[in-house]
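Here is the structure we will look at.
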Amino acid sequence: MILRTELVRACDRLLDVPAFKDYTVNGLQVAGRDEVRRVMSGVTACQALLDEAAAWKADLLLVHHGYFWKNEPVAITGIKQRRIRTLLLNDINLLAYHLPLDAHAEFGNNAELGRRLGFRVEGCADGVLGQGLVWLGGLPEAMAPGALARHVGERLGREPLLVEAPGKALVRRVAWCTGGAQDMITQAWEAGAEGFISGEISERTTHLARELGIHYLAAGHHATERYGVQALGEWLEREFGVEHRFVDIDNPA
């Protein structure tokens, strides 16, 4: 058992929350009971995950995508009201970390994705490790873009969408940024990457990939961001002796 205040303070410090200018609230978003014994983690604080947390009698729900995003309506009505009501009725704390969890050098989404895919980390294109979001690395061996796509699909359990760059046969150096980071493809190319992996794709991404000459893989927003929150939950279990359970709410996007 650990007090909520101590657990939140430890996570905020570990993820260096003040270092990030984000467009949501990082840290405790909804307060529940003071003592934490059971922590459930998941990617997004959707109603299905909240219902799982309530059924399991979780004391704290740890997510990557929480609430209170910049420019969203502030009124607590409709879906938002039902979600927050579920938390309050069951006295569950909601703890959410967005960019700090993407960037963390050990437990972050990018760190975990690179580890899962077997990439050799070389640094970031947009800052130092631990703060940058566009990670750079080398492949275990040079791969044709189709082979890289199959490798990613096998490791993530989801076939990525591949946009091949004309005239570029092999990928030796790759960049990646989990989630909705398709517009960082230019930074990846400027850093010398021959391939770029992210979660989502936009219409413009195809043209940028072809014209820049960099292979692009859209591996799924959810699929690329399942691992950081699991790693953080496992760290809490080791560090503080809480019971941790990750629940993966299926999402094809």
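Roughly how many Å is it from the Cα centre of the stretch 53-83 to that of the stretch 90-153, as a whole number?
A separation of 25 Å, based on Cα centres.
Please report, in debye to the nearest 20, how large the charge dipole of the stretch 147-201 is about its Cα centre when each Lys and Arg carries +1 at its beta carbon and each Asp and Glu carries -1 there.
240 debye
Give the aspartates and glutamates whose C-alpha is closer than 12 Å to that of LYS168, dropping any in the same chain fewer than 8 places away, or say none.
GLU194, GLU211
Quantify, in whole percent, the carbon and sulfur part of the accessible surface of the stretch 118-236 (1.4 Å probe; protein heavy atoms only).
48 percent
With all pairs of different alpha carbon atoms counted, what Kirkwood hydrodynamic radius in Å does the chain show?
The answer is 18.7 Å.
Going highest first, how would you order 97-109, 201-213 by mean Cβ packing within 10 Å? Don't jump to the answer; show the numbers that get you there.
Details: 97-109: 24.0, 201-213: 14.9.
Going from most to least packed, we get 97-109, 201-213.
Take each complete run of DSSP H in the chain, measure how far its Cα atoms stretch along the helix's own axis, and keep only those covering 24 Å or more with mean Kyte-Doolittle hydropathy at least 0.0; list them.
none
What is the distance, in nm, between label points placed 7 Å from the Cα along the Cα-to-Cβ direction at ASP51 and at GLU239?
Each label point is offset 7 Å from its Cα along the Cβ direction, giving 3.2 nm.
Can you tell which of ALA209, LEU236, ILE249 lies farthest toward the positive end of the dipole of the stretch 152-253, using +1 and -1 charges on the Cβ of basic and acidic side chains (Lys, Arg; Asp, Glu)?
So the residue furthest toward the plus end is ALA209.
Under 15 Å from the 7 Å Cα→Cβ point of VAL247, by amide nitrogen: which residues of the stretch 33-49?
38-49
For an R0 of 30 angstrom, estimate the FRET efficiency from the Cβ-Cβ distance between PHE68 and VAL121 and round to the nearest 0.05.
Working: r = 32 Å, r/R0 = 1.07.
Computed FRET efficiency for PHE68 and VAL121: 0.40.
On average, how much accessible surface per residue is there in the chain, in Å², for a 1.4 Å probe, leaving out ligands, DNA and RNA?
45 Å²
Would you work out the charge dipole size for the chain about its Cα centre, treating the Cβ of every Lys and Arg as +1 and the Cβ of every Asp and Glu as -1, and quote it to the nearest 20 debye? Display every interim value, and only then the final one.
Values: 27 positive and 33 negative charges, 46 e Å.
Here the chain has a charge dipole of around 220 debye.
Expressed as a whole number of Å, what is the distance separating the alpha-carbon centroids of the stretch 9-46 and the stretch 173-206?
First find each Cα centre; the distance between them is then 27 Å.
The values are calculated or read from the model by the stated rules, or taken from the named source; none is laboratory data. The model shown is predicted, which means the values in this text are computed figures rather than measured ones. Neighbour counts are summed over all protein chains in view; Cβ atoms, including those assigned to glycine, are modelled from backbone coordinates with ideal geometry. Surface accessibility is based on the protein's heavy atoms, side chains included, excluding ligands, DNA and RNA. Shrake-Rupley method; radii C 1.70, N 1.55, O 1.52, S 1.80 Å.
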